[in-house]
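Contents: one structure, followed by commentary.
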Amino acid sequence: PVRQRYFRPRQSGDTIRLPGGTKSVKKLFIDRKIPASRRNSIPILCDDAGIVGIPGIGVNLDRAATTLPATRIEIEER
């Protein structure tokens with residue numbers, strides 16, 4: 001079944017698994033030196049099962065496609 005995908009701002013307790021391991025989104029933004037004033041405006045791509053990825057940061061490896069066909073989403077900042 002196809003899952004509905006949507007963007008939302010970060011929420012308390014959000015975590016994502018990247019190649020370096022699992023981190024809270026809050027800690028990830030701090031480590032990447034994203035200004036506090038911008039953190040709530042960065043879109044988080046989600047579906048009903050949780051975070052899929054964060055544009056400019058990466059795909060949640062817990063949710064990455066393991067078989068084909070898969071959906072590819074490209075986001076361009078303008």
Test residue 28 against the stated conditions and say whether it is more than 16 Å from residue 12 (Cα to Cα), touching a residue at least 24 places away in the same chain (Cβ under 8 Å) and not in a strand (DSSP E or B). no
Tell me, which residue of the stretch 1-27 that is among the charged types (D, E, K, R) and surrounded by fewer than 14 Cβ atoms within 10 Å (Cβ to Cβ) is modelled with the lowest pLDDT? 3
Determine if the stretch 59-69 includes at least one residue that is out of contact with any strand residue (DSSP E or B) (no Cβ under 7 Å at 6 or more places or on another chain), loosely packed, with under 12 Cβ neighbours inside 10 Å and of a type in the set (Val, Ile, Thr). yes
Restricted to the stretch 31-54 and to residues being among the charged types (D, E, K, R) and touching a residue at least 40 places away in the same chain (Cβ under 8 Å), the residue surrounded by the fewest Cβ atoms within 10 Å (Cβ to Cβ) is 48
Restricting attention to the stretch 29-71, which residues are closer than 19 Å to residue 19 by Cα and of a type in the set (Lys, Arg)? 32, 33, 63
Criterion (of a type in the set (A, V, I, L, M, F, W, C), at negative phi and within 9 Å of the chain's Cα centre (by Cα)) met by exactly one of 57, 73: 57
Scan the stretch 2-25 for residues that are touching a strand residue (DSSP E or B) at 6+ places or on another chain (Cβ under 7 Å) and either of a type in the set (S, T, N, Q) or not in a loop (DSSP other than H, G, I, E, B) (or both) and jot them down. 4, 6, 7, 8, 15, 16, 18, 22, 23, 24, 25
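The values are calculated or read from the model by the stated rules, or taken from the named source; none is laboratory data. The model shown is predicted, which means the values in this text are computed figures rather than measured ones. Note that we place each Cβ from the backbone using ideal geometry, even for glycine, and neighbour counts take in every protein chain shown.
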